[in-house]
Structures are given as C-alpha cells and as structure tokens.
Amino acid sequence: MLKIFPLIKTIFLIVFLLTFSLVFAQEEGADLNIPSRAELLKPGAEKTAEGLPGGLKERTVSFEFKTKLTAIPGDTYVELKWEPYTFPLKDIEKMERNKKRLMETGALTEKEKEEVIEIGTPKEVLEEERFEIAGYEINYGEKSEEYTKTIDAGNITSYRVRNLKNYTTYFFAVRAYTNFFTIKTYKKKKSYSNLSEEVTATPKEAKDLLSDIEKGFREEKIPQIISREVVQFGYDIFKTTVSTFAPLTDVPVGPDYVIGAGDRFTIDIWGRVEESYRVEVNQNGEIIIPKIGTLKVWGLTFSQLRDFLQAKFSNYYKNFQMNVTMDKIRTIQVFVVGEVDTPGSFSLSSLATAYNSLFAAGGPTKRGTMRKIKLMRNGEIVREIDLYNFLLKGDKSQDERLQSGDTLFISIIGPVIGIAGNIKRPAIYEYKDRVTLGEFLEMAGGITPTGYLQRIQVERIVAHEKRIVQDFNLAGGEGFEKDLRFQEELQDGDFVKVFPILSLTEKIVYLEGNVERPGGYELKDGMRVKDLIKSLEDLLPEPYLQHASITREVPPDRHLETISFNLGKLLLEGDESQNLELKSRDKVRIYSKEEMKGISTVKITGEVGNPGDYEFLKNMHVNGLIFKAGNLLRNAYLPSAELTRIEKLEDKTVTKQIQINLREALRDNPEHNIILEPDDHLSIRSIPEWVLNNTVILKGEVKFPGTYTIAKGEHLSSVIERAGGFTDKAYIKGAYFTRESERLKVKARVDDFVSKLEQDVLQESAPPVLATISQDESVARKEFLNLKTELIKKLVNAKIEGRIVVKLDSPDKFKDSRYDIVLEKDDTLFIPPIPTSVTILGEVYNPISLLHTKGATIADYVNMVGGPTKNANESEIYLIRADGSTISRLQGMSWTTEGTGWFTPSFMNIKAEPGDTILVPKRVIILDYLKYADQASRTIANIAATVAVIFGVLDSTP
C-alpha cells in the first residue's frame, strides 16, 4: 500500500503540469493573437502547406498587413510601390506583457534573461507608439496566386522587378516581415504578415508603352534629320517613388492648423494644481473635460485653441501654467476622379494638400489634363490647379489644403504641341487657351546654342485633311516678347522642329598620321605647313619624308583634292616651295616608312593553336611565330617542319623549302630558329598515325555497352573483349553492324540511280507519235512509267543505314575470322536479345510474326499463315536472316547444307531461325508481246519490291 502513494503522487504531478502547460499556451496564443487555420486561408492571407500558393515556402502569419500595392509596367520590368506598415500600439503592449510574465514565472534561464535585456524592452518603443518592420518580401508568378519567385526587397517601399518577359501578364503580392520575439525563448525570429491584395501588370516594349499622342508625334511623314521621339511633359513625376500618403498621427502641426472631429490632444497644467487631460474631438466638434465641462473647439486654429483653453481653465484654477500637445491628427476622406491613374476615395492626413492627393492617386493619365485640374468642394469649384506652374517654376501657391469630402477632378487633356531637336527640354506640352511660337520655345527651356535659328520648322495639320510645313527665320531677333516673328500663334497638334547647325567646324586645320600631337589646330591668317610642323621633333620615329599630303575641300561644291609636298626638303633643306599655305578644314597627312612600303606577313599552318597570317616584324624568328600562333599542339611532329621561302631574283622568283627541327628551334638553336623573311610559310606536320576522337559504339547485349575509343587498326573482336563480351541473353546471329562510310557510299549510289530514273521518266513522259505507237504499247508505257515513279519515291524515302553483314561467333572462333573486321570511326554494333519469333510478310493471307518453332522450315511458316495468295510470285520467295544475309528461291541449283538437295524446291525446306523474315513478293502481269516492256517491267518490279521490303525490314530493326 505504501508503494502506491509515490505512484499516485507522480501521476497527479504529471496531470497538473500538463494542465498548466495547456493553460499557459492558450494565454500566450491569446496575447499574440495567432490566427486560426480559417483566418490563414482568407483571401490575401498566407496559407498553410495544403493551400500554399505555388512556389512559396510555408510562413507563419503573425500580424495583419493592409497596404495598397500598385504595379507600373515598363520594358522588361514592373515597378512596384506599396505603403509601409507600422505596428499598432496594442501589439507592442502585448509583447511587453508577455515579456513581463516570462521574467516573473522563471521560465527563462539566466542566460536567456540576459539576452532579453540585451534586446531591449518594448517600453522604449512604447514611448514612440510605433515600431518599424524589418523588410518586405515580393512574390510573383505568371498565374494568379501561384507565385514561383520570391524577392527580399529589404526595408523599402518600392522595387523594380527586372528581366521579365514582355507581353506576359505577371501577378504580384507583397508581405511584410519583422524580427519578432518567440514566446518560449523570447529570441529573435522572423515573422511574416499576410499577403497583400494581388495586382497584375504586363511589361511591354518601350514603343508600346507610349500614349496615342506620343505615337502620333513619332509618325514620320516628311523627310527630317532630327528625332521625333518625344514624350508628354510632366507625367513622369508621378511615377517616382514617394514615401507614403497614409494617415499620419504623430506629425507636428502649425499654429494655423484647424481643429476638427477626430483630433486628439493632451492638456497639461501645473502650478497650484497638476493635471493632465487626454481628450479627443467628437463628431459634434466638442471635448469633455472633468470639472470644466463640454467645450466646442471645432473650427479653432491650434493657436486659438491654446488661448481658448487658457481662458476656460482660468475660470476654475488660479496660478497655473498650461501646455497643449497634439497626440493624433484626424484623417479626411477625399475623392480623385476623372483621367487619373488610380481613381477613387483616399484617406489622407488632415494636413494633406491637393498635390498630396494627386500623388496618392498616381497622377493624371496621359489622357488627362495637367493644366486645368478642378478642386471641388460642396459642389463648387474652389480652385483650378495648373501643375505647369509647379513643374516649370516651382510655384506651389495653388496647392490648396484639402478638407474632408473634397473632390479633385481631372478632365480630358487640352490642346498639345510637340517640340524636338536642339531644344533644352524636348517634349509634348499641353497649353491652355493660346500660345505663340516665342512663348512655346520659352516653355520648352529655350533653344540650345547648337540650334539653327534660320530655320525653325512647324508641322501643322490643316482642317483634319493634310499636313503642311512652315519655316521661320528667327536669326538676329530681339527676343521672344519684342520680335514679331515670335508672335506666330501655334495650333493643336503642331510639331516644332529646331534643326542643328552644320556639324562642320570652320577656321580649323587637322594634323594626322605619324606625328606627336595629331588633332585640330586653329587656322590663323597666312598659316602655312611649317607653322604646323616646325621640326622633326614634331614627328614620330621613322617618318617618310619624301611624301606628305594635304586633303582640301574645294569650293563651291566642297569636292576633295589632294596636294602633295616633300616634307624632307621643307624641314631639312628649307625649300619654301614646299611650305604650302593652308586653308580652312585642310587635313595634313604625314606618313610613316611602314605605311609606304606596305604590311608584310608570314604564315603558319598545321598543328598550332591559331594557324593563319601574322604581321611580319623585324628580327622575327621561327619560335616567335610559333608562340604568336598559340604554341604547338600535342600532336605536332617536332623532328621536322617545313619552311617555304620565296626568293626574288632580277627577273623571276625561286621557291625553296627549309627543314626546321622544332625541338631545336624552341631551344633557340640559331641553326633552326632562323630569322624569318616576308611571305615565309611555316608548315607544322602532325605525328604520323596520330588519331584523335576515333570512337565506336557498342549497344545491346554486351556486358559494358557504351562508346569506346579505338586505336588505328583495332579489330572488332578487341572492342567486344574490352566491353566484357556478350551477356547470356545475346543473340549474336542477329548482330546489326553499321558503318558511316558505307552509308555515305550507298547513299551516293542511290542518289545517282534516282537521278538517272528521274531523267528517264522525264524523257519517256514526252507525248509519243500516235502513228508509231499502238494503244497496247501506250498502256504498257504508262505502266512502266508508273513503276519507275513508284521506285523513285521508295528510294527517296528509304532510310539508309550503311549495314554490313557480320557473322559473330564465340570469342575464340570469331577472333581473326573473315568477319573480324578492322574498325573505323563511328562504327556501331548492336547485339539484340534472343528473339522468339519469325516474321512472314508480303502476299500471304495473314502477314504476321509467329513464335519460333524449332526445326520448322520456310514451307511450314508459310502454311501457318494460310499459304500464298493467288497474286503471290512463289518462284521468287526469299529469306532474310537476322544478320542481314539473304537467301532467295531464284538462286536455283545451289547446294546448301540448310536444304535437302540440289534443286530449287529444297529452298522451302530451309529451317528458319529466330529473328528471320520470310518475304513473298507480288506477281507482276506482263503482256507477252511487249518484250522490252516485259524485261523492263520485270526488272523494275523486282527491284522495287526488293528495295521496299529490304528497307522496310532494316527500318524496323533496332
């Protein structure tokens, strides 16, 4: 009995601990607000393993993340933007409670407590009332909710996903993550939010991302020399990344801030009395303060609020100080509609302005106006906003402070004008009522210094019918405002082109060639050659002094002429006749000796890394040429190489060969490492019988099938032995051996035969003379042509394998036999497994494969399939063995150990072996009186039948 008490005590302790653990776990889960499985499977939330979006790793959703994700497509990329996440105050308070409970319950070790202290207490964060996350994760793919790729974007709120396929729709979702602390150990662990709402985007080529207006301006209708690739002005500003326009609660306010419903502030008083009141303006615009009562503060500015509260509190308290601090400012609801990127309703800070709301909505689309944006309040237009004032001048005077319920309406774009060329800010601009050429040029930033003022061209569409061109000469004007030429009024759809000045540079001469300082020099009055080249010190080494040239543009058509002079006489002898006067744009060319004698080469071929022609250099040796060509290959024959040299005599040339020992040449032996001369040709031979990449393939029933490298002269038996010999299942009588060289030979013969047959068909297809050919002969001729045509088709479509009949045997008998052939590159041997059937084809009642019966003859197998049909040609039956050899009944009186006598009927008594094929050809009926047709048709018919059947059998062989 006493022994039972410890057992009961132990059981009771276990039950107590389990119950405590369950309760403790439930409390932890409640504090962290861990979502249930149903919550995880909500749209946009992270799923568990069973329902996880394709390609995503399983994540634990620890907090909700509601954000607005936008996707802007580009050329092979998509720009993503989202609003950042901040932890609500209640989540931080829960973390603090969990930490406090853990520290008090003793669930942590001393080391873990130290780690908690090092991490820091959330109280520090609590004072700021916000907690920034660690980063964001982008998930995307080509199917909805099946994300195949993940990008850790870091702690940013925009990201450009690159290397996407144009014209493919992608699906995107973003989630936040942070370094939360686990409940049990309170250590750092990455926790994830749910996925954001899914957005789509389709990248396109840059030209397809243009608006219709941009495409219209890019269309080329008249000749031009400047680019028409201009875009609409100002719209790109809304595509840049902004931090956020989410409601903010902790920003400072100015003294002119108007108090409204939803604002929250703290009133601190001290002195004779110390109190702190945290109040919030209700929907009636009132606050409630104990002892003071209800105070209406709606409509007061922040500075007026201080004075108002000071006065009210003075009715109840004396000798006190007061401070009013904004805790939270209210949010307002505004609407952005019309031609805007993301129309809808937006919750913004009460400090938000019209520009803030435009950025929040993504800005106007390229169909929307930038110059007449209407701010509407209570059904009335309170402000018309022109964004050009801000974009061109930085003027924000129209940036009206918004009130809840305000609407910004972006109407359709107004008239537009494009400008391109040598202008500081080429683009497509929207204008309001009217604009002159001068005003428009000023709007575009003005003409660049390289712009040609004598020809400012305006393309104009007239009456929706045609396009015309007007040119304006604006040179020498007094300015945009005073000069009447700048007062030309532009129209909707005009395209202004500012052409460049001529690219030719005047008052310059050029020095080129074998000189120290080539380039352009200022042309001075009376400038001559010696002013440009004062002495030999201005030249590079080895100048060719006997000849120099000046290339000159001769007016009026600027055709080129070349003037020669002797630089040596000018610099060395002082001959002033060679000191020519220079003109604008002259090009003075000084030559080197190397240029004037031409470039000589030497050649190297054969077994080197980079054979070819190389520039000849003075004192170039044999080993220098070898190294220049990438050195010798492994198979280079070192004892002897051949150098061919051409020697020029007075009236002829002589070619001679010089033998070079490459080993000695590489050792720098002057007897072999000789100095080369122009046009020398060094030939590097290969080592005799050096064979590389000579391989054969063994397949099927050998112990080690695969590709084998062979030596020159190696026999088939040797490779079979290297492959481990045959397996127990090998059927060596059915060996299938092919050779590439034989295939090419047979193919060439077949091609020649087909060409001859095609020529015969063409010649015999000519209309015959009716008087010389009877009707029967005409019928026979057509049959003959049909047979030839059929044969051509079969030969053209036939698959040629290059098979050679090889009769294998046991290794000791096969070695050195007549079939133990010498192998060639790309030979293939296939050893099939032991077959179990014999095939009967052709004119029999049931062409089929039958199981092999030991001792059965050809006659037995033919009878098994019902015998020959009435159309069968029994005298021409033939047998194809599995090894490819053929026995025919037409061979007549030929003794064979496989038959039973000397006469033809013995053919039918031949025993068929596994894998054999019996062919029964079709009889061809020939008219007796057509002798030539009889012979020809018989021959063609037999060939056709034989080729068709043989190729058919070979094709079916593995």
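The values are calculated or read from the model by the stated rules, or taken from the named source; none is laboratory data. Quick caveat, the model's predicted, so the values are computed rather than measured. We place every Cβ from the backbone using ideal geometry, glycine too, and count neighbours over all the protein chains shown. Areas reflect the complete protein model, heavy atoms only, side chains present, ligands, DNA and RNA absent. Shrake-Rupley method; radii C 1.70, N 1.55, O 1.52, S 1.80 Å.
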Exercise. Quick check: is even one residue across the stretch 361-371 over 38 Å from the mean Cα position of the chain (by Cα) and buried (at least 17 other Cβ atoms within 10 Å of the Cβ)?
Worked result: yes
Problem set entry | Contacts under 7 angstrom Cβ, first residue in the stretch 804-815 being within 14 Å of ILE831 (Cα to Cα) and in the same structural domain as ASP883 (by the TED database), partner open to solvent by 80 Å² or more (accessible area, probe 1.4 Å) and not in a loop (DSSP other than H, G, I, E, B), 6 or more apart | none
Problem set entry | the stretch 742-788, subset among the β-branched types (Val, Ile, Thr) and surrounded by fewer than 14 Cβ atoms within 10 Å (Cβ to Cβ), residue modelled with the highest pLDDT | VAL779
For this session: Tell me, please, whether a residue that is farther than 13 Å from VAL498 by Cα, open to solvent by 10 Å² or more (accessible area, probe 1.4 Å), touching a residue at least 60 places away in the same chain (Cβ under 8 Å) and touching a strand residue (DSSP E or B) at 6+ places or on another chain (Cβ under 7 Å) can be found in the stretch 432-455.
Result: yes
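In the stretch 673-741, which strands (runs of 3 or more DSSP E) lie fully inside it and hold 2 or more residues that are in contact with a Leu (Cβ under 6 Å, 6 or more places away or on another chain) and surrounded by 16 or more Cβ atoms within 10 Å (Cβ to Cβ)?
Answer list for the stretch 673-741: 695-700.
Filter the stretch 385-405 for residues that are without any contact (Cβ under 8 Å) to a residue 40 or more places away in the chain and touching a strand residue (DSSP E or B) at 6+ places or on another chain (Cβ under 6 Å) and give the result.
Of everything in the stretch 385-405, just one residue is without any contact (Cβ under 8 Å) to a residue 40 or more places away in the chain and touching a strand residue (DSSP E or B) at 6+ places or on another chain (Cβ under 6 Å), namely ILE385.
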For this session: Looking only at the stretch 857-884, count how many residues are open to solvent by 30 Å² or more (accessible area, probe 1.4 Å) and within 60 Å of the chain's Cα centre (by Cα).
Result: 0
Seminar exercise, completed: Within the stretch 563-602, restricting to residues that are under 51 Å from the mean Cα position of the chain (by Cα) and assigned to a strand (DSSP E or B), the one that is surrounded by the most Cβ atoms within 10 Å (Cβ to Cβ) is VAL588
Exercise. What number of residues within the stretch 495-547 satisfy the criterion of being basic (Lys, Arg) and free of Cβ contacts under 8 Å to residues at least 24 places away in the same chain?
Worked result: 3
Problem set entry | Total residues in the stretch 637-663, condition crowded, with 17+ Cβ neighbours inside 10 Å and modelled with pLDDT under 90 | 0
Exercise. What about ILE151, is it modelled with pLDDT of 85 or more and either hydrophobic (A, V, I, L, M, F, W, C) or more than 24 Å from THR76 (Cα to Cα) (or both)?
Worked result: yes
For this session: Considering every residue within the stretch 406-424, establish whether at least one is within 30 Å of ARG460 (Cα to Cα), outside any strand (DSSP E or B), open to solvent by 10 Å² or more (accessible area, probe 1.4 Å) and out of contact with any Asp or Glu (no Cβ under 8 Å at 6 or more places or on another chain).
Result: yes
For this session: Those residues that are of a type in the set (Val, Ile, Thr) and without any contact (Cβ under 8 Å) to a residue 40 or more places away in the chain, I need them from the stretch 366-380; list them, please.
Result: ILE373
Exercise. What single numbered condition from (1) touching an Asp or Glu at 6+ places or on another chain (Cβ under 9 Å); (2) at pLDDT 90 or above fails to hold for LEU890?
Worked result: (2)
Exercise. Any idea which of (1) more than 21 Å from the chain's Cα centre (by Cα); (2) modelled with pLDDT of 70 or more; (3) within 30 Å of PRO426 (Cβ to Cβ); (4) surrounded by fewer than 18 Cβ atoms within 10 Å (Cβ to Cβ) is the one ILE222 doesn't satisfy?
Worked result: (2)
For this session: For the stretch 625-635, enumerate the residues that are touching a residue at least 12 places away in the same chain (Cβ under 8 Å) and surrounded by fewer than 17 Cβ atoms within 10 Å (Cβ to Cβ).
Result: GLY630, ASN631, LEU633, ASN635
Exercise. What number of residues within the stretch 323-337 are over 60 Å from the mean Cα position of the chain (by Cα) and crowded, with 16+ Cβ neighbours inside 10 Å?
Worked result: 1
Exercise. Only one of (1) over 60 Å from the mean Cα position of the chain (by Cα); (2) in a strand (DSSP E or B); (3) not aromatic (Phe, Trp, Tyr) fails for ASN284. Which number is that?
Worked result: (2)
Exercise. For the stretch 656-672, which residues satisfy the criterion of being in contact with a helix residue (DSSP H, G or I) (Cβ under 9 Å, 6 or more places away or on another chain), of a type in the set (A, V, I, L, M, F, W, C) and either closer than 30 Å to LEU716 by Cβ or not in a helix (DSSP H, G or I) (or both)?
Worked result: ILE660
For this session: Considering every residue within the stretch 292-305, establish whether at least one is under 30 Å from ILE413 (Cα atoms) and in contact with a Lys or Arg (Cβ under 7 Å, 6 or more places away or on another chain).
Result: no
For this session: Would you point out which residue out of TYR429, TYR521 is in contact with a Gly (Cβ under 8 Å, 6 or more places away or on another chain), surrounded by 13 or more Cβ atoms within 10 Å (Cβ to Cβ) and of a type outside the set (Val, Ile, Thr)?
Result: TYR429
